[in-house]
Amino acid sequence: MRLQRLAWGSARVLFGLFFLYAPIMIMIEFGGNHPPETVAAAAHFTEALTATRFMNPALIAVLLAGGAAMLLDRSAPVGLLLLAPPIFVIAGFHWFLTGSYLWGSIWPLWWAVLAWHYRHVFARLWERRGAGG
């Protein structure tokens with residue numbers, strides 16, 4: 001039981017640390033913009049995000065908040081909810097624009113495994129309430 005708790009905690013913390021590291025690295029190395037892409041379709045997509053002047057900062061903020069929330073067991077479900085949309089976009093970006101199927105698959109699969117672990121928290125979202133509550 002203790003080993004299992006350690007494994008789940010490690011998976012959660014490593015997931016969160018990546019989503020803290022990635023936006024910080026993007027801010028430091030690339031000035032808050034996406035790294036240069038070698039595939040034309042991916043480059044056009046990232047250029048469009050940069051041209052909006054709000055998507056990159058919004059994405060960085062959500063990744064930082066979600067990654068930080070993943071560091072604590074109590075706030076991990078909130079982190080999973082915050083990270084779900086960007087992970088979906090990251091997966092689609094790699095599957096359809098860069099052809100990097102493995103890199104695009106790691107994050108949604110890892111997210112799904114963690115979401116399954118916290119399913120007892122999310123189950124309350126589908127519970128029916130009585131007429132008085």
Scanning the stretch 97-120 for residues that are assigned to a helix (DSSP H, G or I) and touching a residue at least 40 places away in the same chain (Cβ under 8 Å), which turns out farthest from residue 40 (Cα to Cα)?
117
Restricting attention to the stretch 3-24, does a residue exist that is surrounded by 16 or more Cβ atoms within 10 Å (Cβ to Cβ) and free of Cβ contacts under 8 Å to residues at least 40 places away in the same chain?
no
From 7, 41, which residue is within 16 Å of residue 73 (Cα to Cα) and more than 18 Å from the chain's Cα centre (by Cα)?
7
Mind counting the residues in the stretch 73-113 that are among the small types (Gly, Ala, Ser) and surrounded by fewer than 18 Cβ atoms within 10 Å (Cβ to Cβ)?
7
Just one of the numbered conditions (1) over 12 Å from the mean Cα position of the chain (by Cα); (2) under 24 Å from residue 115 (Cβ atoms) is not true of residue 26; which one?
(2)
May I ask you to say which residue of 123, 42, 51 is touching a helix residue (DSSP H, G or I) at 6+ places or on another chain (Cβ under 9 Å) and either exposed (fewer than 12 other Cβ atoms within 10 Å of the Cβ) or part of a helix (DSSP H, G or I) (or both)?
42
Considering every residue within the stretch 38-54, establish whether at least one is touching a Ser or Thr at 6+ places or on another chain (Cβ under 6 Å) and more than 18 Å from residue 110 (Cα to Cα).
yes
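FYI, it's all coordinate maths here, none of it is from the lab. Computed from a prediction, not measured in an experiment: that's the story for all the values here. Please note: Cβ atoms are built from the backbone with ideal geometry, for glycine as well, and neighbour counts cover all protein chains shown.
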